[in-house]
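Since every read-out is calculated from the coordinates, none of them should be taken as a lab result. Fair warning: this is a prediction, and the values are worked out from it, not measured in the lab. Quick reminder, even Gly has a Cβ in these numbers, built from the backbone with ideal geometry, and neighbours come from all protein chains shown.
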Amino acid sequence: MKTFSRKLQLSTAIALSSTLLLTACPSDNGNIKSSGDKISKKNKALLVIDVQKCFTKGGSLAVPKGDEVVPYINKLIDSKKYGKVVLSQDWHPQNNVSFASNHKGKKVYEVIKVDGFDQVLWPDHCVQNTDGAKFHADLKADKADYVVQKGTLKDYDSYSAFEDNNGKHSTPLNAYLKKQNIKEVDIVGLALDYCVKYTALDAIKNGYKVNVYVDGTRAVNVNATDGQKAIDEMKKAGVNVIE
């Protein structure tokens, strides 16, 4: 009986040691932090946010160093890590409320209230059916499984790929992801402090496990600390921000 007890204790100790070693050791890819319980590839999606001409070099609302994210995102697209690859596309009517040009006497980057929501006034950008609304020429957009357009209404902007800023008008994105049985999303794109942040926060709200890869995004930084504030806000909300 004592022999059996010792064997049981030894087996338990070995199992515990193995568990501790597995927990302590990094994954094969030392550059990517663990995001917790592993989810099957078929239940995971890559969300590429607004990598469009207007937001990259030479565009009307170019994000500083925005072009740098394209090779990184293309590697993710080619990685075969995802069941679905989804692109979001800013798609504004010319008279969109977010354009400073539609508010007499107002300047770019001034803030107004729209339905109680702080609305930054931007240069005209990503106007429907214009060249600037197209995806960046080097982005492997042809490999996307789905494209969701946002900001399509006159009276509301849409930072999030899930809904307009007033929260009353949803895009088809959540319905699409649920239909595809997606449980986890990796988010990259432009810009970190606006559309990436709000997409990540809404993804959390809609029940997804969310990872944002900072190397795959850049901030507008209207104010110098906006990018860092966005990272802090996402972390607080439960987003796994991988820096």
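Our coupling estimate for the range 43-59, obtained by passing each phi through the Karplus curve with A = 6.51, B = -1.76, C = 1.60 and θ = phi - 60°, is 9, 10, 10, 9, 9, 9, 9, 6, 8, 10, 4, 4, 9, 10, 3, x, x Hz, Gly and Pro reported as x. Highest mean first, the peptides 38-47, 167-176 sorted by other C-beta atoms within 10 Å per residue fall in the order 38-47, 167-176. When Rg and the Kirkwood radius Rh are both evaluated on Cα atoms of the range 129-179, their ratio Rg/Rh stands at 1.01.
Across the range 87-102, rounded Karplus estimates of 3J(HN,Hα) from the backbone phi angles (6.51 cos²θ - 1.76 cosθ + 1.60, θ = phi - 60°) give 10, 9, 9, 4, 8, 8, x, 4, 9, 4, 4, 7, 8, 4, 5, 8 Hz, Gly and Pro being marked x. With the convex hull drawn over the C-alpha atoms of the range 38-123, the volume per residue is 143 Å³. For the range 206-217, the Karplus equation 6.51 cos²θ - 1.76 cosθ + 1.60, evaluated at θ = phi - 60°, returns couplings of 8, x, 8, 7, 10, 10, 10, 9, 4, 5, x, 8 Hz by residue, with Gly and Pro reported as x.
On the beta carbon distance between residue 42 and residue 110, with R0 = 45 Å, the FRET formula returns roughly 0.50. For residue 114, the residues 5 or more places off, or on other chains, whose built amide H falls under 5 Å of its own are 119. Ranking 77, 181, 194 by Cα position along the charge dipole of the range 68-197, where only Lys, Arg, Asp and Glu carry charges on their C-beta atoms, puts 181 farthest toward the positive end. When each of the peptides 80-93, 214-227 is scored by the mean number of other C-beta atoms lying within 10 Å of its residues, the order from highest to lowest reads 80-93, 214-227. Within the range 94-139, the ratio Rg/Rh, alpha carbon atoms throughout and Rh by Kirkwood, equals 1.07. Each residue of the range 88-243 gets 120 Å³ once the volume of the Cα convex hull is shared out per residue. Residue-normalised convex hull volume from the C-alpha trace of the range 177-243: 71 Å³ per residue. Pairs of Cα atoms in the range 64-109 fall into 5 Å distance bins, from 0 up to the last occupied one, in shares of 5, 15, 14, 15, 12, 13, 11, 9, 5, 1 percent.
A simple charge model with +1 on the Cβ of Lys and Arg, -1 on the Cβ of Asp and Glu and nothing else charged puts the dipole of the range 114-243 at about 480 debye relative to its Cα centre.
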